[in-house]
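Read through the structure below, which is laid out as structure tokens, and then see the notes.
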Amino acid sequence: MRASIRVGNGCGFWGDNLDAPIALAKHGRLDYLTLEYLAELTMSILALQKQKNPEAGFAADFIDVLTRLTPVMKEQPLLKIITNAGGMNPSACARKAREVLDAAGLNQKKIATVAGDDLMPRLDELLASGHDLQHLDEGTPLAAIRKQVVSANAYLGSQPIVEALRLGADVVITGRIADAALTVAPAMHAFGWPSEDWARLGAATAAGHLIECGAQVTGGLWCHWEEIPNLAEVGYPIAEIEPSGLFRITKPPGSGGVVNLESVGEQLLYEVGDPARYLTPDVTADFTTLQLEETAPDTVTVRGGSGKPATPTYKVSIAYRDGFTATGTLALYGQDAAAKARLAGQIILDRLRRAGHEYARHLIEVIGAGDMVPGLASDGSPREVMLRVSVHDPHQAAVERFTKEFAPLVTAGPPGVTGYTTGRASVRPVLAYWPALIAKSAVQPQVRLES
Amino acid sequence: MSMTTTTHIALRAIAHTRSGDKGNHANVAVLAYTESGYRWLERHLTPDVVQQYFAGLGCSKVERFAAANLHAFNFMLYNALGGGASRSLRIDTQGKTLGQAILDLPLPMPPDLDQMRRQAKRTLP
């Protein structure tokens, strides 16, 4: 058995740095490169793209990254890539990836896809058979907004990726899958961990959670930002996992950023609820038994992973159409800048009211005067602020009209108004988030080796 | 509010933080630099104190979870984000600012502040 495997995550979300995966693969001595592209609402955007074009609906950035990775794949023939870039269309993503690999002379590389997370084609059948997909927090059954639903995807677990690796895949492309599974699966595959080994799955889940947001564990967001060397060339994270479940978090030598107890501690709790019960499809991981130690420069060793059995449900991420929104901004300068900004914001809403437009929701923020965290006072009286006004309404035309009320203030507003140079604000459809659970027995993950 | 006085310290004197979103809820992790700082937080950084500090967010509830292994408490601020990532009209739809904001929270002056400050060399159990 291998003494350890090195899993590096080169992408924490769609929009992350495009050079990071290349640098990490080149310098990270990796066995597995993972690339994470899907935030909570990314799938709904991809679903709309796929409605327009049946060959779209995946994270297109991945194809560019893969193209740039082909020289590294030649130098490191054992390197495997695991990504959820497939989004709403893993097979179309795989076809593009195949073209890229073939064009680079990597015809022998095998690509596997993982599907089955997309519940949209079966949604009415599922609802009819008693899966009411009620809102996880509010308890409302999905039927209340069924007509507005754009996408519904179950977060799959590690098992289908393990299967893809067992079939010999060099590149595994999934749709919605638990982010940590991108890391847990290669460890299960490499070490033959059984799927009920809760302690080791709990440990690997912590490792996956720590690296899934890319640079956030290697210096990004760290409270002592002023101490970070060379954040511009921040190294992306590597989890070096041993068969026992012990792992080390580190980054490529010579890269920027830091890995220390503080950066790792902060990230371990990032977007966590109860740290003793971190739920994934694979395990209920317990992060409160982990012991962290700085064992080498930019290396934190983590022992003591543990976990309890996984729940019988998958989490389902549903997006639904919920009207339209727009946000406009103006800059204000001079004495009483904040008061002038509030007046300008009020004028905008007053004029719209007179024109017959009351919005379902509206908000005036004066950035620079303490509104970024509502209710907390800011220091003194700022000399310059940014006015930000937003509305949300079911009627698109009303929101369109809102975007036209900012420019007039350049001449009709209080003195010191400027910043109307980026043009009229754009109207966006709101795709709202509806979390739910579904029995695992109702979902069938599918693994396919693409020919 | 962020000043250290004879009767109060700012949270930043003894802890570091990170925050993020979970739908319309936010989490704020507060990690003490030392064991004694952790004990001070346990006593004084209660869910009520955090809910009151962030009253402007209109949270429906604040819940505190301990991670003694990290000398940390994780706070869940329920319904704190004005609708969450896609629906919130706020500039900070994802609670990214809250970790920085809580660093200014005033705590009673501890008798042994020096043992709670960030140490040059840090280890955890």
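The values are calculated or read from the model by the stated rules, or taken from the named source; none is laboratory data. Only a predicted model underlies this, so the values are computations on that prediction, with no experimental measurement involved. Cβ placement follows ideal geometry from the backbone for every residue including glycine, while neighbour counts extend to all protein chains displayed. Keep in mind that these areas ignore ligands, DNA and RNA; they rest on the heavy atoms of the full protein, side chains included. Shrake-Rupley method; radii C 1.70, N 1.55, O 1.52, S 1.80 Å.
Suppose only helical runs count, i.e. DSSP H with n ≥ 4. What mean residue ellipticity at 222 nm does that imply for chain A under -39500 (n - 2.57) per run, divided by all residues and rounded to the nearest 500 deg cm²/dmol?
Computed ellipticity for chain A at 222 nm equals -8000 deg cm²/dmol.
If amide hydrogens are placed 1.01 Å from N in the peptide plane, which non-local residues have theirs closer than 5 Å to the one on A:I82?
HN-HN under 5 Å from A:I82: A:L33, A:T34, A:L35, A:V172.
Counting Lys and Arg as +1 and Asp and Glu as -1, each charge on the Cβ, what is the dipole of the protein assembly as shown about the Cα centre in debye, to the nearest 20?
It works out to roughly 820 debye.
If I stretch the segment between A:L343 and A:S381 completely, what's the gain in nm (0.36 nm per residue apart, minus their alpha carbon distance), one decimal?
Length gained, A:L343 through A:S381: 12.1 nm.
How much mean residue ellipticity at 222 nm does chain B get from its helices, if each DSSP H run of length 4 or more adds -39500 (n - 2.57) and you divide by all residues, to the nearest 500 deg cm²/dmol?
So the calculated ellipticity at 222 nm is -5000 deg cm²/dmol.
Once both labels are modelled 7 Å past Cα along the beta-carbon direction, what's the A:E226-A:K308 spacing in nm?
Placing both labels 7 Å beyond Cα along the Cβ direction yields 4.4 nm.
Can you give the extra length, in nm with one decimal, that the chain gains between A:A355 and A:R277 once fully stretched, where that is 0.36 nm per residue apart less the Cα-Cα distance?
My answer for the length gained is 22.9 nm.
Can you list residues whose amide H is under 5 Å from B:K22's amide H, if they're 5+ apart or on another chain and H is modeled 1.01 Å from N?
Distant-sequence amide H within range of B:K22: B:N27.
Post the alpha-carbon centroid distance, the stretch B:1-61 to the stretch A:35-98, in whole angstrom.
A separation of 40 Å, based on Cα centres.
Rounded if a/c is under 1.5, else prolate if a/b is larger than b/c, else oblate: which is the protein assembly as shown, with a ≥ b ≥ c the root eigenvalues of its Cα gyration tensor?
oblate
Along Cα→Cβ, 7 Å out, is where each label goes; now give me the distance between the ones at A:N17 and A:R166 in nm to one decimal.
Label-label distance for A:N17 and A:R166, simple model: 3.8 nm.
So, in Å, what gap is there between the alpha-carbon centers of the stretch A:277-348 and the stretch A:162-230?
18 Å
Expressed as an acute angle from 0 to 90° and rounded to the nearest 10, what is the orientation of the C-alpha long axis of helix B:35-44 relative to the principal long axis of chain B?
50 degrees
Using 7 Å Cα-to-Cβ label points, what is the A:T418/A:E233 separation (nm, one decimal)?
Result for the modelled spin labels: 3.7 nm.
Which helices count as membrane-span-like in chain A under these terms: full DSSP H, at least 30 Å along the axis by C-alpha, Kyte-Doolittle mean of 1.6 or more?
Passing helices, by number: none.
Among A:287-297, A:69-79, how do they line up from the highest to the lowest mean number of other beta-carbon atoms within 10 Å?
With the highest mean Cβ count within 10 Å placed first, the list reads A:287-297, A:69-79.
Given R₀ = 56 Å, FRET efficiency for A:E293-A:T411 by Cβ-Cβ distance, to 0.05?
0.30
For A:K340, go through the aspartates and glutamates and keep the ones whose alpha-carbon is under 14 Å away, minus same-chain ones fewer than eight residues off.
Answer for A:K340, where 14 Å is the Cα cut-off: A:E365, A:E384, listed by chain and number.
Am I reading the B/A interface right? What is its buried accessible area, both sides, 1.4 Å probe, to the nearest 100 Å²?
3900 Å²
Checking the table A:K26/B:K22; A:K74/B:K22; A:K147/A:K315; A:K109/A:K308; A:K440/B:K22 against a 31 Å threshold on Cα-Cα, which pairs fail?
The pairs that break the limit, which is 31 Å between Cα atoms, are A:K26/B:K22; A:K74/B:K22; A:K109/A:K308.
Quick one: which residues, 5 or more positions from A:G116 or on another chain, have an amide H under 5 Å from its amide H? H modelled 1.01 Å from N in the peptide plane, none for Pro or chain starts.
Distant-sequence amide H within range of A:G116: A:Q446.
Ignoring everything but the protein chains, give the 1.4 Å probe accessible area of A:W193 in square angstrom, nearest 10.
We get 20 Å² for A:W193.
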